[in-house]
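The values are calculated or read from the model by the stated rules, or taken from the named source; none is laboratory data. All of these numbers come straight from a predicted model, not from anything done at the bench. FYI the Cβ positions are ideal-geometry reconstructions off the backbone, even for glycines, and counts take in every protein chain you see. All accessible areas refer to the heavy atoms of the entire protein, side chains included, with ligands and DNA or RNA removed. Shrake-Rupley method; radii C 1.70, N 1.55, O 1.52, S 1.80 Å.
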Amino acid sequence: SIRITLKYMFTQLFNHLDAFLQKCKERVVTSAQWNTFEGLLNHKSINRYIETCARITWQMATQQIPMWLSTTDTCFDEEKHKLWWSCDRNEAHNVKYFVWPALYDSKDGTLLVKGIVFTENESNGES
């Protein structure tokens, strides 16, 4: 019946989601940049934050058509980016890193939320 089929599909989906959550936590713990924070996942608020981010990302990726987080831009573009508060708009040229990625409704789709970027100027490599 439809009810049994739907129940099976949701069970499978949540099994995949649980595996995805576990993988996200493992990546945080084994990441070199987070190794300095011993016992990171023992903090309830950090654990809850990672789970929430993973669930939202899972939903964004599994919807049809998947949403897209962009972190590949190398040049500042006021149409797609906001500057981090400490960056000088007059010297904003190269994206050094994304503080928050730009969100699109799909890959190569419509921009939903501008990304927040930290920039550096072209001459000396500093923001």
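Rounded to the nearest 500, what is the 222 nm mean residue ellipticity of the chain from helices alone, with -39500 (n - 2.57) per DSSP H run of 4+ residues and division by all residues?
-13500 deg cm²/dmol
Note the angle between two axes, namely the Cα long axis of helix 44-62 and the longest principal axis of the Cα atoms of the chain, as a number of degrees from 0 to 90, rounded to the nearest 10.
Around 80 degrees separate the two axes.
Taking a probe of 1.4 Å, how large is the accessible area per residue of the chain, in Å²?
Solvent-accessible surface per residue comes out at 77 Å².
Can you give the local net charge around Cys24? Use residues other than it whose beta-carbon is closer than 12 angstrom to its beta-carbon, Lys and Arg +1, Asp and Glu -1.
Combined, the nearby Lys, Arg, Asp and Glu give +1.
Please list, in chain and number order, the residues 5+ apart from Ser106 or on another chain whose amide H is under 5 Å from its amide H, with Hs placed from the backbone.
Trp68
Over 31 Å between Cα atoms: which of Lys23/Lys107; Lys7/Lys80; Lys7/Lys114 fall into that group?
Lys7/Lys80; Lys7/Lys114
Kindly write out, for segment 87-97 in residue order, the coupling ³J(HN,Hα) from the Karplus curve 6.51 cos²θ - 1.76 cosθ + 1.60 (θ = phi - 60°), rounded to whole Hz, with x marking Gly and Pro.
After applying 6.51 cos²θ - 1.76 cosθ + 1.60, I find 8, 8, 4, 5, 10, 7, 10, 9, 6, 7, 7 Hz.
Please check the chain for the longest run free of GluC sites (Glu not before Pro) that are loop-located per DSSP (anything but H, G, I, E, B) and have at most 15 other Cβ atoms within 10 Å.
It works out to 80-121.
Give me the percent of the accessible area of the chain that comes from carbon and sulfur atoms, probe 1.4 Å, all protein chains in place.
Summing carbon and sulfur atoms, their accessible area is 55 percent of the total for the chain.
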